[in-house]
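The structure under discussion appears below in the form of structure tokens.
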Amino acid sequence: MTNFTSDEIASWDYAQIWNKFPVPARPSKGELQFLEKEIASSPHDNVLILGSTIEYRSLCKRLSVKPDVADFERSHYEILTGYAEEDFDNENFLEVDWLEIADKNKYDVIIGHRPINVIGKEALEKFFKRMHDALKPGGVFYCKGNILYEDETEQFDRLVDKWAFAKKREYPLFSYIEVQLYFHTADENGYVDYRLARQIVDKLIRDRRCSPEDYELIKLLVSMSDEARFRGLIREDEIRQIVKKVGFRKQEWIVLDNDICANMPIVKLVK
């Protein structure tokens, strides 16, 4: 077992270890079941997937949908496709910055897993405006991401104590504490301070508050460089205000798989 040093930085691209990330960094069972039922029961000829998320592409394949898959870099798309255990022949890849998507009234459905957390704070309103414009009237954007609710109290230590050595646990410890770890280490603008995250994880193992196995996985998954810009904490009121401002006529907040996704609601936005 090797502990971090405060100067340790990542030597990999996020997509290169995507297969190591457990839920909720990847879509959960409840989320996928919900989305499949929702999409199947409404118009879905034109679907846009934000990012190269394997699980969303599999969902579209099950529904016989040919989606547009929009990612910032083709390399991310190719790496994640390589992890898949199935072929994705019936899809259209778009190498595009989501903020530059200029389609108007094109999509019945847009789905995104944590798209708001990789968009900078200053660009969030523009992002939602682009998604609103790209949807057909009545179209739906299913947006899932890390959100801190109004008046919520600190949960990190409580969740560590609850799940670190729980006898019945479906996922690794990272799944249960990831979002709260990001909240716990976010700066004033919500961006994760990975150096601080590494220090906190080191303290967990020093204080024997997690197993060596869990420590090794968490250590890997937070070994991002200091230049990494993941906005792991976004406040509820920020999303609600922006969504209303850009013109979505309806918003519904749905929480599934509460043990791991309590702070990762699906925000269902109807144009």
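Taking the stated definitions as given, is Val47 modelled with pLDDT of 95 or more and under 17 Å from Pro115 (Cβ atoms)? For Val47, the condition - modelled with pLDDT of 95 or more and under 17 Å from Pro115 (Cβ atoms) - is met. Among the numbered criteria (1) at pLDDT 95 or above; (2) under 28 Å from Phe128 (Cβ atoms); (3) surrounded by 19 or more Cβ atoms within 10 Å (Cβ to Cβ), which one does Val201 miss? Result: Val201 passes all but (2). Tell me, yes or no, whether region 55-70 has at least one residue that is under 19 Å from Val270 (Cα atoms) and either touching a residue at least 60 places away in the same chain (Cβ under 8 Å) or out of contact with any Cys (no Cβ under 9 Å at 6 or more places or on another chain) (or both). Looking through region 55-70, none of the residues is under 19 Å from Val270 (Cα atoms) and either touching a residue at least 60 places away in the same chain (Cβ under 8 Å) or out of contact with any Cys (no Cβ under 9 Å at 6 or more places or on another chain) (or both). At least 1 residues being over 26 Å from Ile218 (Cα atoms) and among the acidic types (Asp, Glu) is the threshold, and among the helices (runs of 4 or more DSSP H) wholly inside region 23-121 those reaching it are 29-40.
All conditions in (1) touching a His at 6+ places or on another chain (Cβ under 9 Å); (2) hydroxyl-bearing (Ser, Thr, Tyr); (3) surrounded by fewer than 20 Cβ atoms within 10 Å (Cβ to Cβ) hold for Thr81, with the sole exception of (1). None of Phe248, Phe230 is aromatic (Phe, Trp, Tyr), in contact with a Lys or Arg (Cβ under 7 Å, 6 or more places away or on another chain) and in contact (Cβ under 8 Å) with a residue 60 or more places away in the chain except Phe248. On the stretch given as region 21-40, residues that are of a type in the set (Phe, Trp, Tyr) and either touching a Ser or Thr at 6+ places or on another chain (Cβ under 6 Å) or at positive phi (or both) total 0.
Quick test of your reading of the structure: Ser28 fulfils all but one of (1) in contact with a His (Cβ under 9 Å, 6 or more places away or on another chain); (2) within 21 Å of Glu178 (Cα to Cα). Name the failing condition by number. It fails just one condition, (1).
Quickly run through region 161-194 and pick out the residues that are under 15 Å from Ser211 (Cβ atoms), touching a helix residue (DSSP H, G or I) at 6+ places or on another chain (Cβ under 6 Å) and assigned to a helix (DSSP H, G or I). Hits for region 161-194 are Trp163, Leu173, Phe174, Ser175, Tyr176, Ile177. Note on region 232-263: residues that are in a loop (DSSP other than H, G, I, E, B), touching a Leu at 6+ places or on another chain (Cβ under 9 Å) and closer than 25 Å to Val222 by Cα amount to 4.
Okay, residues lined up against (1) surrounded by 15 or more Cβ atoms within 10 Å (Cβ to Cβ); (2) among the small types (Gly, Ala, Ser); (3) out of contact with any helix residue (DSSP H, G or I) (no Cβ under 6 Å at 6 or more places or on another chain):
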residue: Cys210; (1), (2), (3): yes, no, no
residue: Tyr215; (1), (2), (3): yes, no, no
residue: Glu227; (1), (2), (3): no, no, yes
residue: Arg249; (1), (2), (3): no, no, yes
residue: Trp253; (1), (2), (3): no, no, yes
residue: Asp257; (1), (2), (3): yes, no, no
residue: Cys261; (1), (2), (3): yes, no, yes
residue: Val270; (1), (2), (3): no, no, yes
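Restricting Leu99, Leu80 to those that are at pLDDT 95 or above, closer than 25 Å to Pro265 by Cα and not basic (Lys, Arg) reduces the list to Leu99. Counting only residues that are closer than 17 Å to Phe21 by Cα, of a type in the set (Gly, Ala, Ser) and modelled with pLDDT of 95 or more, region 209-236 holds 1 of them. The single residue among Glu150, Glu91, Glu125 that is surrounded by 16 or more Cβ atoms within 10 Å (Cβ to Cβ), touching a helix residue (DSSP H, G or I) at 6+ places or on another chain (Cβ under 7 Å) and touching a residue at least 60 places away in the same chain (Cβ under 8 Å) turns out to be Glu125.
Please go through region 162-208 and pick out each residue that is β-branched (Val, Ile, Thr) and under 22 Å from Val23 (Cβ atoms). Once the filter is applied, which keeps residues that are β-branched (Val, Ile, Thr) and under 22 Å from Val23 (Cβ atoms), region 162-208 yields Ile177, Val179, Thr185, Val192, Ile200, Val201.
The values are calculated or read from the model by the stated rules, or taken from the named source; none is laboratory data. Since the structure is predicted, the reported quantities are computational estimates derived from the model, not experimental observations. Please note: Cβ atoms are built from the backbone with ideal geometry, for glycine as well, and neighbour counts cover all protein chains shown.
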